[in-house]
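The values are calculated or read from the model by the stated rules, or taken from the named source; none is laboratory data. The model shown is predicted, which means the values in this text are computed figures rather than measured ones. Neighbour counts run over all protein chains shown; Cβ positions are idealised from the backbone, glycine included. Protein only, heavy atoms only, side chains kept; ligands, DNA and RNA dropped before computing areas. Shrake-Rupley method; radii C 1.70, N 1.55, O 1.52, S 1.80 Å.
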Amino acid sequence: MTARDDILGSIRKSLGREALSGEPAAQLRQRLAQPKRNLIPDRTAGRDTNGLTALFADKAREFACTVDEVDSLDAVPEAVRAYLSRENLPARVVQAPAFSDGLDWSTTPTLEIKTGTADGSEDTSVTPVFAAVAETGTLMLTSDATTPTGLNFLPENHIAVVRRSQVVGPLEDAWSRFRAARAKADSAGPGDGFTMPRTVNLITGPSRTGDIEQKIQMGAHGPRRLHVIIVAD
């Protein structure tokens, strides 16, 4: 018995139910193995990578994001420096460990770079994403040792780096890519490929609330600014 089994067993006991077996259990396994797609809007139909990327950028801007596009990962550090300068923000960032070998910050010596998770004192974080949803301008981010979830929520400013190949059409395509990555890792064996994350965050625009007198306040539950850098593959 695992902790998961204990938790599910307690839930079934409180509902007065037994574990599924027979045909219902087979139907459940089939549904999990081959999930049915919901109704997909035509907004993303027939678009190639360029079209999806343009739609994603437009939707992200609709939700108060700012967007830059660069030709390669080599250009990301300068794009970060330029963004901080435009917004009159401190020249220091904390980057996800996933970028520790991927971004060359030597080209931006004026920036102070820290690698790791956030403790709430940092001004700006720089993180990768798992996928970007063109339909809604949403970012899908997963958590593990190289992409700590705290970087997505604790700093006042969040810079997300998106490869064009990570842009998908509807949200269902993002989940399909997630399942495919997990299946590939499972077939490769322990320690290889994709690691099942503890958390999947779906983020659309910077944090905001209208609870107080129906006035929009930015940064209520997370970053008040969300900047997206789209990188050509």
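Tabulated data for the structure shown
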quantity	calculated
Search result, residues across the stretch 200-233 that are touching an Asp or Glu at 6+ places or on another chain (Cβ under 9 Å) and at pLDDT 80 or above	G205, P223, R224, R225, H227, V228, I229, I230, V231, A232
Residue within the stretch 107-119 that is at pLDDT 95 or above, hydroxyl-bearing (S, T, Y) and within 21 Å of the chain's Cα centre (by Cα) present	yes
Tally of residues being free of Cβ contacts under 8 Å to residues at least 60 places away in the same chain and open to solvent by less than 10 Å² (accessible area, probe 1.4 Å) across the stretch 169-182	1
V93 vs. criteria more than 20 Å from P148 (Cβ to Cβ), open to solvent by less than 90 Å² (accessible area, probe 1.4 Å) and in contact with a Lys or Arg (Cβ under 9 Å, 6 or more places away or on another chain)	no
Pair list, Cβ < 6 Å and 6+ apart or interchain, from the stretch 79-103 residues that are within 21 Å of R225 (Cα to Cα) to residues that are open to solvent by 60 Å² or more (accessible area, probe 1.4 Å) and not in a helix (DSSP H, G or I)	A91/T110; R92/E112; V94/K114; Q95/T115
Residue in the stretch 101-118 that is nearest to G222 (Cα to Cα), counting only those that are assigned to a loop (DSSP other than H, G, I, E, B) and open to solvent by 50 Å² or more (accessible area, probe 1.4 Å)	T117
Which numbered condition D68 fails, given (1) within 23 Å of R224 (Cβ to Cβ); (2) among the charged types (D, E, K, R); (3) in contact with a Gly (Cβ under 7 Å, 6 or more places away or on another chain)	(3)
Candidate set from the stretch 48-78 (those that are among the acidic types (D, E) and in contact (Cβ under 8 Å) with a residue 24 or more places away in the chain); member that is surrounded by the fewest Cβ atoms within 10 Å (Cβ to Cβ)	D71
Pick from the stretch 1-31, criterion under 24 Å from R179 (Cα atoms) and among the β-branched types (V, I, T), ranking: surrounded by the most Cβ atoms within 10 Å (Cβ to Cβ)	I7
Boolean, A132 is open to solvent by less than 70 Å² (accessible area, probe 1.4 Å), touching a helix residue (DSSP H, G or I) at 6+ places or on another chain (Cβ under 9 Å), within 16 Å of V231 (Cβ to Cβ) and at pLDDT 95 or above	yes
Complete set of residues in the stretch 137-168 that are open to solvent by 30 Å² or more (accessible area, probe 1.4 Å) and in contact with a helix residue (DSSP H, G or I) (Cβ under 6 Å, 6 or more places away or on another chain)	T146, R164
Residue ranges of helices (runs of 4 or more DSSP H) in the stretch 1-100 with at least 1 members over 23 Å from T127 (Cα atoms)	3-15, 22-33, 49-62
Condition check for S121: open to solvent by 10 Å² or more (accessible area, probe 1.4 Å), part of a helix (DSSP H, G or I) and not aliphatic (A, V, I, L, M)	no
